[in-house]
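The values are calculated or read from the model by the stated rules, or taken from the named source; none is laboratory data. Because the structure is predicted, anything quoted here is derived from the model rather than measured. Please note: Cβ atoms are built from the backbone with ideal geometry, for glycine as well, and neighbour counts cover all protein chains shown. Note: areas computed on protein heavy atoms with side chains; ligands, DNA, RNA excluded. Shrake-Rupley method; radii C 1.70, N 1.55, O 1.52, S 1.80 Å.
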2 protein chains.
Amino acid sequence: MNRAALSGLIQKKQSFLCVGLDSDLEKIPGHLPKNSEGIVAFNKAIIDATLPYAVAFKLNIAFYEAMGAEGWNALEQTIKLIPKKEALIIADAKRGDIGNTANQYAKAFFEQLNCDAITVNPYMGVDSISPFLLYKEKWTIVLGLTSNSGANDVELLKLQDGRHVFESTIETMAKHGSDENLMFVVGATKSEYFKKVRAVAPRNFLLVPGVGAQGGSLADLKELFTDDIGLLVNSSRKIIYASSNQDFAQAAAQQAKNLQQSMREML
Amino acid sequence: MNRAALSGLIQKKQSFLCVGLDSDLEKIPGHLPKNSEGIVAFNKAIIDATLPYAVAFKLNIAFYEAMGAEGWNALEQTIKLIPKKEALIIADAKRGDIGNTANQYAKAFFEQLNCDAITVNPYMGVDSISPFLLYKEKWTIVLGLTSNSGANDVELLKLQDGRHVFESTIETMAKHGSDENLMFVVGATKSEYFKKVRAVAPRNFLLVPGVGAQGGSLADLKELFTDDIGLLVNSSRKIIYASSNQDFAQAAAQQAKNLQQSMREML
């Protein structure tokens with residue numbers, strides 16, 4: 001999916017919501033089977049219920065890997081349940097490796113699983129990102145400044161030129177891609193640094209976790225808007241685990257709708 | 001496997017060699033089937049042939065994921081082929097995520113796959129590492145200073161206190177683990193920084209890629225030795241693809257033996 005198509009979805013749905021499918025065997029409603037079939041049934045209900053309000057779905061790969069080969073089947077099946085033109089499909093894999101290994105990851109997520117986007121980790125540098133950028137109409141989403149407290153340990157260290165590690169990292173990576181194939185992860189909890197993010201990534205889409213549960217405010221994000229919004233705001237548990245009963249899909253739809261309505265007012 | 005057992009293997013085999021199973025459908029000998037069964041047959045022959053010379057096997061997870069669910073089966077089968085007391089089993093996954101996601105990755109690699117060690121990426125900070133450290137007799141191997149050219153982009157940036165990002169990163173992570181559960185990845189090509197690595201990780205085991213093909217020298221690594229060696233030197237393609245014919249396992253054994261003999265002389 002290219003930028004024009006993604007921006008088109010945002011306009012059409014009046015939403016920049018990404019629903020995170022962190023689907024956990026321990027947390028899905030008790031009436032569903034506690035296996036990979038239960039996960040797929042859960043995902044199908046959540047996808048169908050929230051699709052009107054969401055422009056993207058983010059699959060947290062760890063939760064599928066924890067089930068082994070069966071989990072990979074659940075991942076494949078879930079991806080097929082998402083209508084390709086109706087939502088961007090993000091593999092939240094946070095991969096990061098070089099050369100042929102990065103090629104293999106790109107092949108796994110862009111070809112084998114046919115995702116539109118993958119999250120990657122920039123610690124090893126440009127050569128761990130560039131193999132993903134070779135794919136047309138696919139997105140590489142690089143960790144920039146994350147929403148967790150551990151962001152202080154590396155991302156927020158101060159460099160000799162007075163900038164933070166995350167600023168230099170985003171700037172370096174941005175040079176090797178374009179705003180048509182490169183996004184950055186920026187935590188909603190880090191609003192004091194939003195200006196610095198946009199200084200080095202003026203028009204890249206940003207994937208923003210941390211609204212709600214982690215304390216980030218939706219209203220603050222307006223500062224990050226580009227001409228075509230340029231944001232995807234992720235919400236996972238608050239939506240998918242809104243209810244643990246038979247009505248879980250309706251409850252998820254209601255939560256997604258609430259967020260979408262707040263977003264519509266911002267647009 | 002705890003440190004005493006790993007050090008015992010190094011003494012017994014007079015080797016600190018780790019064989020990297022970057023097993024690629026495109027590169028395994030032509031007489032093997034080009035599917036996951038071919039990969040498992042290839043791995044079995046390589047493991048059996050090199051086990052006398054290797055104290056660890058490192059599985060490059062990307063190569064298995066590129067085959068989807070079938071690849072995860074091949075990964076599970078391969079791990080079962082490695083005698084648990086005869087070699088450390090490393091999942092080269094370079095994962096890095098927080099909280100419950102990190103828990104899921106730990107569960108996938110330490111419980112589901114029963115690996116002894118996993119490589120992780122420190123960019124997101126301590127909270128992306130700590131869930132792995134909760135497992136007893138398992139190893140968390142954090143990226144420190146990698147052997148690729150991209151190391152300049154983030155790891156080798158200079159901080160305000162005059163140190164490099166990798167030094168601060170290793171120091172911060174080392175505080176949260178011990179030399180019984182925490183290793184670091186340090187590229188053999190980065191010998192000019194070896195003293196700085198040992199200044200912040202005096203006794204942690206180091207996993208060292210980059211000897212041979214990438215230009216790192218085995219002899220230089222002596223500077224990194226601890227009282228009980230404290231090193232694992234990885235070689236992947238040079239060993240596993242030493243021959244593309246029927247004799248591939250013998251050729252791999254010969255390459256592994258050559259490295260082991262050089263190592264024995266250093267001990």
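Here residue B:173 meets the list (1) open to solvent by less than 30 Å² (accessible area, probe 1.4 Å); (2) in a loop (DSSP other than H, G, I, E, B) almost entirely, failing just condition (2). Being in contact with a helix residue (DSSP H, G or I) (Cβ under 9 Å, 6 or more places away or on another chain) and open to solvent by 10 Å² or more (accessible area, probe 1.4 Å) is the filter here, so list the residues in the range B:32-50 that pass it. Matches in the range B:32-50: B:32, B:33, B:35, B:36, B:37, B:40, B:44, B:45, B:48, B:49.
Residues of the range B:46-82 that are among the hydroxyl-bearing types (Ser, Thr, Tyr), without any contact (Cβ under 8 Å) to a residue 60 or more places away in the chain and under 26 Å from residue B:3 (Cα atoms): B:78 alone. Meeting the requirement of 3 or more residues that are within 16 Å of residue B:256 (Cα to Cα) and of a type outside the set (Lys, Arg), the helices (runs of 4 or more DSSP H) wholly within the range B:1-81 are B:36-50. Taken together, B:135, B:105, B:193 contain a single residue that is within 8 Å of another protein chain (Cβ to nearest Cβ) and touching a residue at least 24 places away in the same chain (Cβ under 8 Å), which is B:105.
Taking the stated definitions as given, is residue B:116 under 28 Å from residue A:171 (Cα atoms), modelled with pLDDT of 95 or more and among the acidic types (Asp, Glu)? No, not satisfied.
Taking the numbered list (1) more than 25 Å from residue B:210 (Cβ to Cβ); (2) buried (at least 24 other Cβ atoms within 10 Å of the Cβ) in turn, residue A:68 passes all entries but (2).
Of all residues in the range B:80-107, exactly one satisfies the criterion of being under 20 Å from residue B:18 (Cα atoms), open to solvent by 10 Å² or more (accessible area, probe 1.4 Å) and among the aliphatic types (A, V, I, L, M), namely B:81.
Kindly evaluate residue B:76 against the criterion of being open to solvent by 10 Å² or more (accessible area, probe 1.4 Å) and within 12 Å of another protein chain (Cβ to nearest Cβ). Considered against the rule, which asks whether it is open to solvent by 10 Å² or more (accessible area, probe 1.4 Å) and within 12 Å of another protein chain (Cβ to nearest Cβ), residue B:76 comes out as yes.
When A:86, A:111 are checked against the criterion of being without any contact (Cβ under 8 Å) to a residue 24 or more places away in the chain, acidic (Asp, Glu) and over 26 Å from residue B:147 (Cβ atoms), A:111 stands alone in meeting it.
Looking at the range A:141-164, is at least one residue assigned to a helix (DSSP H, G or I), among the hydroxyl-bearing types (Ser, Thr, Tyr) and open to solvent by less than 10 Å² (accessible area, probe 1.4 Å)? Within the range A:141-164, not a single residue is assigned to a helix (DSSP H, G or I), among the hydroxyl-bearing types (Ser, Thr, Tyr) and open to solvent by less than 10 Å² (accessible area, probe 1.4 Å).
Looking only at residues in the range B:108-132 that are open to solvent by less than 10 Å² (accessible area, probe 1.4 Å) and in a helix (DSSP H, G or I), which one is nearest to the other protein chains (Cβ to nearest Cβ)? Going through the qualifying residues, I end up with B:108.
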